[in-house]
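Values quoted throughout were computed directly from the atomic coordinates according to the rules given, and no laboratory measurement underlies them. Quick caveat, the model's predicted, so the values are computed rather than measured. All Cβ positions, even for glycine, are placed from backbone atoms using ideal geometry, and neighbour counts span all protein chains on display.
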Amino acid sequence: MASGDITKEIEYDKIEVVQSWSIQVRKATKIMEEQADGSKTELSRGFHRHVIYPFNSVKNDDDSWTHTATDISGEAASVQAIANAAWTDDVKAAYKAMREAQGA
């Protein structure tokens, strides 16, 4: 890189497990400028947040439930690692039970 070059950097700076099953993800997008001495200066930073759950749960017309596992393959490796560690079989069962108890 040369002095004055502008780059975009993505950083997953917050990954939090809430209520044992909700994973809150904050992605920071940083715009950086290369300095003459090789260091970088941050020009701006923006955030995107989203939450992932172990399942997409839907109550069917016959009052049964369909729990479709969340596809986390598009998430960052660090998010996938935390989801795989946090979403144990017990946590998944508790999430399904909670959703079904909500009734909607």
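Things worth noting here:
- Screening Ala101, Ala81, Ala93 for residues that are assigned to a helix (DSSP H, G or I), without any contact (Cβ under 8 Å) to a residue 24 or more places away in the chain, more than 16 Å from Gln19 (Cα to Cα) and among the hydrophobic types (A, V, I, L, M, F, W, C) leaves exactly one candidate, Ala81.
- Whichever residue in the range 79-91 is over 13 Å from Ile52 (Cβ atoms) and not hydrophobic (A, V, I, L, M, F, W, C) and, among such residues, is surrounded by the fewest Cβ atoms within 10 Å (Cβ to Cβ): Asp89
- Exactly one residue out of Ser73, Ser20 is in contact with a helix residue (DSSP H, G or I) (Cβ under 9 Å, 6 or more places away or on another chain), exposed (fewer than 10 other Cβ atoms within 10 Å of the Cβ) and part of a loop (DSSP other than H, G, I, E, B), and it is Ser73.
- Members of the range 49-64 that are part of a strand (DSSP E or B) and touching a residue at least 40 places away in the same chain (Cβ under 8 Å): Phe55, Ser57, Lys59
To keep it simple, each residue is scored yes or no on (1) touching an Asp or Glu at 6+ places or on another chain (Cβ under 8 Å); (2) within 30 Å of Arg99 (Cα to Cα).
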residue	(1), (2)
Ala2	yes, no
Glu11	no, no
Lys14	no, yes
Ser20	no, yes
Ser39	no, no
Arg45	no, no
Phe55	no, yes
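- Any chance Ala28 is surrounded by 13 or more Cβ atoms within 10 Å (Cβ to Cβ), of a type in the set (Gly, Ala, Ser) and either within 21 Å of the chain's Cα centre (by Cα) or over 25 Å from Met98 (Cα atoms) (or both): yes
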